[in-house]
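Every read-out reported here was derived from the displayed coordinates using simple, explicitly stated rules and does not represent laboratory data. Source: prediction; values computed, not measured. Backbone-built Cβ (ideal geometry, glycine too); neighbour counts: all protein chains shown.
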Ligand SMILES: [Ca+2]
Ligand SMILES: [Ca+2]
C-alpha cells in the first residue's frame, strides 16, 4: 500500500478532526486486487458563497459577566451591537455598530460564510450485499497560501456519525447546567449526508472570513453541525475527488471542483458592551475600546452599565482606568 493510501486510511482513524493533513506525493493509479471503485457522478453545483448563520448568544454573554464577578443581577440590553471588521482598503480593524437597535435584549451573532457540499455517487463492482468494497470517498485540497494537502472524508451515513468538536472560542458556551458558570461546549459535527447507504457520499465543509471571530465558528458548529476553516475573502479552492476500495484501488474523478469563497461578513448585534467585551475576551480588541459602550446593566454594582461605570474606574481605585 502506498504512503498516500495509508494517509487516506489514517484519515478515517483521525476522523474526529474530519480533515487530515498530509504531504503531497504522486502515487499512480494501480490495481492490486479486484476492480477499482467507479465514481459515477459528482455534483458540480457545490458552492454557496453567502450562506447565513444566526445564533442567540445571550446565555453565553450572561454567563461571561455573571462569571466575571459573581454578579447575579446582570441585565443585557437591546442595542446596536459592536463588531470589529477589516477595512477593505487599508485592512485596519474598524468598529461597526448596526444602523438599527435590536428589538430584543441580548447578544445575537450572525454572519455569512462559504459552504461547500460535496456529493459523489460512487460504487464498486466488487461490492456485495452487506459488504461495500468502497473504503472511502474523499475530497482533497491544498489550502490557499499553504503547501499542505488536506483530505475531507465523505460519508454515506445519513449523518448518523457524530464527531464531537470542542468549541473554538475561549468564552465558555455550555450554560445549560449553571447559567452563571458556563462550561466548555462540544458540538456534534455530522457529514450532512441525507440518506444512508444510497451510494451518494456527502460532506459539508465551510470557509469563514479569516477575520471572523471564533464565536461565529462556534455558532455554525452549534446550529449546523459543520466545521471548516478560515481564509481571505475570494480565495480560490480546488478539490480533487477520489474513491478508494478496501484493496487500495483508487479512482480519481477527472475534473477538479473549483470555487472562490465569498466575502464572509460578520456582525455581533444587540448589547454593545457585551459584544465588545466578547471581542476583548477573545483577544480581538483591548479592554478600553469598550469604554462607554451602552449595555450590561448590573444595578447592584454598575447601574449605568459595566462598560460605563466599571471601565472608567481609575487604576489607583482598582479599576482598569480607561479614558478616551
Ligand atoms: Ca473494488
Ligand atoms: Ca447518502
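Among 170, 39, 206, the ranking by other beta carbons within 10 Å of each residue's beta carbon, starting with the fewest, stands as 170, 39, 206. The slack between residue 186 and residue 103, meaning 0.36 nm per residue of separation minus the straight C-alpha distance, is 26.9 nm.
Cβ crowding within 10 Å ranks 71, 306 as 71, 306, fewest other Cβ atoms first. Within segment 225-319, the percentage of alpha carbon pairs spaced more than 17 angstrom apart rounds to 70%. Counting neighbouring beta carbons within 10 Å and listing from fewest to most, the residues 82, 253 come out as 253, 82.
I need the Debye-formula profile for segment 29-109: one equal scatterer per C-alpha, no solvent, reported as log10 I(q)/I(0) at q = 0.11, 0.18, 0.20, 0.24 1/Å, two decimals. The Debye formula, applied to the Cα set alone, gives -0.58, -0.98, -1.09, -1.17. Determine the shape class of segment 151-258: with a ≥ b ≥ c the square roots of the Cα gyration tensor eigenvalues, call it rounded for a/c under 1.5, and otherwise prolate if a/b is greater than b/c, oblate otherwise. Oblate. Take the Cα of residue 199, step 7 Å toward its Cβ, do the same at residue 160, and the gap between the two points is 1.9 nm.
On a 0 to 90 degree scale, rounded to 10, what angle separates helix 3-13 from the longest Cα axis of the chain? Approximately 50 degrees, to the nearest 10.
The angle separating the long axis of helix 272-281 from the principal Cα axis of greatest extent in the chain is about 60 degrees. Relative to the longest principal axis of the chain, what angle (0 to 90°, nearest 10) does the C-alpha long axis of helix 214-224 take? Roughly 60 degrees between the two axes.
Computed per residue of the chain from DSSP H runs no shorter than four, each worth -39500 (n - 2.57), the mean residue ellipticity at 222 nm is -4000 deg cm²/dmol. Counted residue by residue at 0.36 nm each, then reduced by the alpha carbon distance between them, the extension gain from residue 87 to residue 316 reaches 78.8 nm.
Taking a ≥ b ≥ c as the square roots of the eigenvalues of the Cα gyration tensor of segment 79-123, is the shape rounded (a/c under 1.5), prolate (a/b larger than b/c) or oblate? Verdict is oblate for segment 79-123. Averaging 1/r over every pair of different alpha carbons in segment 273-324 and inverting the result gives a Kirkwood radius of 10.9 Å.
With the convex hull constructed from alpha-carbon coordinates only, the chain shows a mean projected area of 19.3 nm² over all directions. Who wins for biggest fluctuation among 155, 33, 239 in a Gaussian network model of the chain, springs between alpha carbons below 10 Å? Between 155, 33, 239, it is 33 that shows the largest mean-square fluctuation.
Spatial offset of segment 58-78 relative to segment 132-180 amounts to 31 Å, using the alpha carbon center of each.
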